[in-house]
Amino acid sequence: MTFSTHSALRADGTPSDVGLIYLDQVDVAKLRTPIDVVDDSGVIDLIEHWTEQDGIGLGGVGRPREIPIRSVLVLMVMLAIDNQPMHLTKARDIICDRATDKALKTLGFPARNETDYKSLRGRKQWYDKLWHAYHAILRVVDPFPEISYKQRLTREEYDDLVATRSPELVEARRKRLTIFNNSLIMAAAKLIGEEEFSRWTGDVAVDGTPIKAARIGSARGARRVSSEPDAGWYVREGNHDGSNEDNPYKTMWAYEATLAVMTFGKTEDETPSLLLGMSLDKPGHNIGKRAQDALSHIISDPEMPKGYFIGDRAYLPNSKPENLAMPLRLAGYKMMGDQRGDSLGFRTHYQGADLIDGTWYVAGMPKKLVDAGVDFHAGKIDETEFATRIEKRKPFELRIKTVTEDGTTVFYNPANYGKYTTVLLPGVKRPENFAADAVKVFEKDLPPKQHRKGLLKGNKTLRIPLHVGAKYAQQGPAWATKEWAAIYRRGRNTIESRNDLLKSGRYSSIGDQTTRMVRGFAANAVFVALGAVSVNIGLIKRYLHRLVMNFDTKPKPPTPPETRRMSDEFLSEIHYANAPPQVA
């Protein structure tokens with residue numbers, strides 16, 4: 001059989017006419033999931049609204065749009081889901097070579113016999129149309145529109161452009177970009193179905209991951225800045241801010257994507273932990289605010305559950321409380337993090353309660369219990385002794401009664417809690433019934449009598465305002481207990497797994513720069529969001545496949561109970577829990 005070169009490379013005929021390329025054709029069925037993501041997200045209405053706000057279009061500025069922005073976004077989502085390079089040339093090839101007539105009609109394009117899809121001129125025109133449609137999206141969400149990225153700027157040229165930036169415009173556009181990206185990511189997550197999505201009770205894990213921006217960064221003393229001048233140096237240690245790093249071999253020029261993922265305990269059908277949101281910034285910059293951005297759509301939605309917020313030391317206790325802990329607690333989250341070397345031990349006292357290693361305890365713990373983390377970090381005690389001391393802290397722990405709308409936490413007094421009394425304080429009347437294993441506190445371990453207030457006077461409850469100890473206070477199980485380790489380890493393992501899936505090539509290849517041949521802050525942020533969409537779709541597909549495959553099989557035996565006192569990772573790291581170089 002013989003056939004022409006054009007027909008062999010196109011999807012506009014029968015299999016015998018078009019050859020093997022038919023197997024790679026794009027039909028309406030292939031477009032269904034990308035269309036669902038784009039339409040369910042509502043981002044097209046947002047772009048149209050922002051375009052009107054900015055006065056772009058009829059009567060305004062900008063080139064008239066020749067193809068719908070919905071169509072180009074559907075094509076980019078399809079490429080992302082297929083784990084293909086997200087190049088506009090690839091989108092053009094779908095239009096010109098791979099799409100069936102019905103698919104073209106669904107995208108709002110003419111049929112093959114109605115326009116030129118074949119000639120070099122025609123293909124270039126379709127690329128140009130895609131370029132203008134795609135940049136119509138970026139134009140209204142770009143925080144830094146003054147940078148053209150056509151060539152590397154001198155440092156003076158870049159500084160002059162930065163000086164013209166309006167902080168109000170930067171913040172407004174950053175907010176738009178966050179809304180746009182998170183709407184797409186959440187739309188993909190909700191494709192799992194309402195019943196499955198509702199199993200999530202609100203626990204989230206958040207972490208940052210580097211997104212390589214350019215081969216050449218903005219080196220100190222260099223005449224020209226990077227072609228991605230709004231990225232920054234990334235280092236693995238600390239809070240990842242390498243702007244003061246002297247050794248270039250330990251750094252990479254990158255953006256940092258802050259990702260938020262749902263987490264929950266092991267379920268019978270292993271419902272997948274899906275990505276919920278993201279934000280982008282320079283490495284190590286505004287860590288707390290970027291975590292808020294990644295969760296902003298959940299925070300603002302009263303229907304969304306709020307549970308534990310799980311973050312590493314860069315978030316807790318490193319972030320400024322006004323940037324992270326306080327707003328998230330007001331939104332309904334319970335903060336859970338790790339400890340740094342300089343955050344271990346006693347932090348502050350309030351009305352008879354001591355904040356120790358992130359947890360509030362009634363004052364009166366023996367000093368060796370107070371210093372359990374400090375001594376272990378210093379190598380003065382071994383793992384067994386450390387775990388024993390942590391366990392002996394439990395009777396002193398304050399239990400949460402309720403949290404008020406202003407973030408005030410109301411605690412029960414473990415020394416005056418009826419039959420649940422676990423601490424016996426000198427000078428405080430003992431209840432008729434108290435826990436059989438209640439601990440007796442000695443006078444020598446209490447503060448002077450003139451300083452005994454609140455709990456030490458026998459008050460039944462204690463109200464601790466939001467701002468008191470907010471930098472260190474956590475609301476989950478006490479740090480280093482096996483209950484804490486189970487929740488913290490689960491969250492950390494989940495977010496690290498999703499970081500890897502986003503960049504490794506299994507569901508998304510964002511880590512490979514050749515898949516996103518773009519420059520600019522907004523363009524990179526959108527491509528990371530498309531990668532997150534791809535990860536969610538891949539996880540959902542795997543989950544549904546597993547359900548079908550296991551439909552008639554016997555359920556797995558229950559997971560054996562956890563026997564370790566805490567995670568191996570935690571035990572290996574606590575000895576080296578150094579503070580990051582700056583707060584965020």
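Does Y308 qualify as being farther than 21 Å from T461 by Cβ, open to solvent by 30 Å² or more (accessible area, probe 1.4 Å) and touching a residue at least 12 places away in the same chain (Cβ under 8 Å)? Here the answer is yes, as Y308 does meet what is asked. Checked across region 384-403, the condition of being among the small types (G, A, S), farther than 16 Å from A470 by Cα and touching a residue at least 60 places away in the same chain (Cβ under 8 Å) holds for at least one residue. If you check S198, S166 for being open to solvent by 70 Å² or more (accessible area, probe 1.4 Å) and among the small types (G, A, S), only one passes: S198. Regarding region 413-433, can at least one residue be identified that is open to solvent by 80 Å² or more (accessible area, probe 1.4 Å), among the acidic types (D, E), modelled with pLDDT of 95 or more and not in a strand (DSSP E or B)? Scanning region 413-433, I find no residue that is open to solvent by 80 Å² or more (accessible area, probe 1.4 Å), among the acidic types (D, E), modelled with pLDDT of 95 or more and not in a strand (DSSP E or B), so the answer is no. If W50 satisfies all but one of (1) at pLDDT 95 or above; (2) more than 22 Å from G531 (Cβ to Cβ); (3) touching a Leu at 6+ places or on another chain (Cβ under 8 Å), what's the number of the condition it fails? Single failed check for W50: (3). Find all pairs meeting these conditions: Cβ atoms under 6 angstrom apart; at least six residues apart or on different chains; first residue within region 166-179 and on the phi > 0 side of the Ramachandran plot; second residue surrounded by fewer than 14 Cβ atoms within 10 Å (Cβ to Cβ). Final answer for the pair search is none. From the list G373, G345, the one residue that fits, being farther than 24 Å from N459 by Cβ, in contact (Cβ under 8 Å) with a residue 40 or more places away in the chain and open to solvent by less than 30 Å² (accessible area, probe 1.4 Å), is G373.
Among the residues of region 436-446, is any assigned to a strand (DSSP E or B), open to solvent by less than 20 Å² (accessible area, probe 1.4 Å) and closer than 17 Å to D354 by Cα? So far as region 436-446 goes, no, none of its residues is assigned to a strand (DSSP E or B), open to solvent by less than 20 Å² (accessible area, probe 1.4 Å) and closer than 17 Å to D354 by Cα.
The set of residues in region 352-408 that are part of a loop (DSSP other than H, G, I, E, B) and polar (S, T, N, Q) comprises T404, T408. The set of residues from region 106-132 being within 23 Å of T33 (Cα to Cα), assigned to a loop (DSSP other than H, G, I, E, B) and open to solvent by less than 40 Å² (accessible area, probe 1.4 Å) comprises F109, A111. With respect to being among the aliphatic types (A, V, I, L, M) and either in contact with a strand residue (DSSP E or B) (Cβ under 8 Å, 6 or more places away or on another chain) or in contact (Cβ under 8 Å) with a residue 24 or more places away in the chain (or both), I381 falls outside the description.
The values are calculated or read from the model by the stated rules, or taken from the named source; none is laboratory data. Computed from a predicted structure; not experimentally measured. Positions of Cβ are generated from backbone atoms using ideal geometry, with glycine treated the same way; all protein chains shown enter the neighbour counts. Accessible surface is based on the protein model in full, side chains and every heavy atom, while ligands, DNA and RNA are left aside. Shrake-Rupley method; radii C 1.70, N 1.55, O 1.52, S 1.80 Å.
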